[in-house]
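Visitor: Before anything else, here's the structure in question.
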Amino acid sequence: MTQWSDGGVAALVAALIVAGPLLTIAGAKLLTVQQRVAAKRIERDAAPRIAAAKAATEARGQIDAVLRRPTLGSTIEALARALPADATLVRAGRTAQGAVEIDVAAADPDKLRGALRRAPAFMRLRNTGQRQADTKMIVTFAGTTP
């Protein structure tokens, strides 16, 4: 049997003490690299599903907004009650974003604007244009309705 000298045992113990943390650090770095590669692969594989889920959520939100807003028919009924007697609805529509756009013919555009400002359902409508028709002015409004 070989006999270890005191210096050889001390050197071996010192080498083992130093090797432990170094091996731990090296192993941790190797595991970190492996996990990052796995995470990128999972992220790449899941990206189409995540995008589809996000698009579906946005579509549900848009559909919900469309279903919650009043129909154009009910908006026109409220508009008929709010318009002055001499005013006539020329055009009514709704944009893809849900904004209402209307053209109203009136002899007195200021009286028309005042009547629409007093109606709570049309307070958010803004005068976006005005043009001369035969005997009346056609005033264009756009905005949202509650």
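Visitor: Tell me the residue from 131, 124 that is within 18 Å of residue 77 (Cβ to Cβ) and touching a strand residue (DSSP E or B) at 6+ places or on another chain (Cβ under 6 Å), please.
Guide: 124
Visitor: Condition check: more than 30 Å from residue 131 (Cα to Cα) and either aromatic (Phe, Trp, Tyr) or in a helix (DSSP H, G or I) (or both). Does residue 73 satisfy that?
Guide: Criteria not met by residue 73.
Visitor: Restrict the check to region 98-111 and report whether at least one residue is open to solvent by 50 Å² or more (accessible area, probe 1.4 Å), closer than 16 Å to residue 141 by Cβ, among the acidic types (Asp, Glu) and in a helix (DSSP H, G or I).
Guide: yes
Visitor: Return the pair list, or none, for Cβ contacts closer than 9 Å from residues in region 42-53 that are open to solvent by 100 Å² or more (accessible area, probe 1.4 Å) to residues that are part of a helix (DSSP H, G or I) and charged (D, E, K, R), at least 6 apart or on different chains.
Guide: As it stands, the answer is 50/43, since those pairs meet every condition given.
Visitor: Right, here's the next one. Inside region 129-146, can you point out the residues that are more than 14 Å from residue 91 (Cα to Cα), within 35 Å of the chain's Cα centre (by Cα) and not in a loop (DSSP other than H, G, I, E, B)?
Guide: 143
Visitor: Between a first residue in region 124-146 that is over 14 Å from residue 86 (Cα atoms) and a second residue that is aliphatic (A, V, I, L, M) and open to solvent by 30 Å² or more (accessible area, probe 1.4 Å), which pairs have beta carbons less than 6 Å apart while being 6 or more apart in sequence or on different chains?
Guide: Listed pairs, sorted by first residue: 130/137; 145/121.
Visitor: Restricting to region 67-95, what's the tally of residues that are open to solvent by less than 30 Å² (accessible area, probe 1.4 Å) and of a type in the set (Ser, Thr, Tyr)?
Guide: Final tally of qualifying residues: 1.
The values are calculated or read from the model by the stated rules, or taken from the named source; none is laboratory data. What you see is a predicted model; the values in this text were computed from it and never measured. When we count neighbours, we look across all protein chains shown, and the Cβ atoms used for this are built from the backbone with ideal geometry, even at glycine. Just the protein is used for accessible areas: all its heavy atoms, side chains included, with ligands, DNA and RNA removed. Shrake-Rupley method; radii C 1.70, N 1.55, O 1.52, S 1.80 Å.
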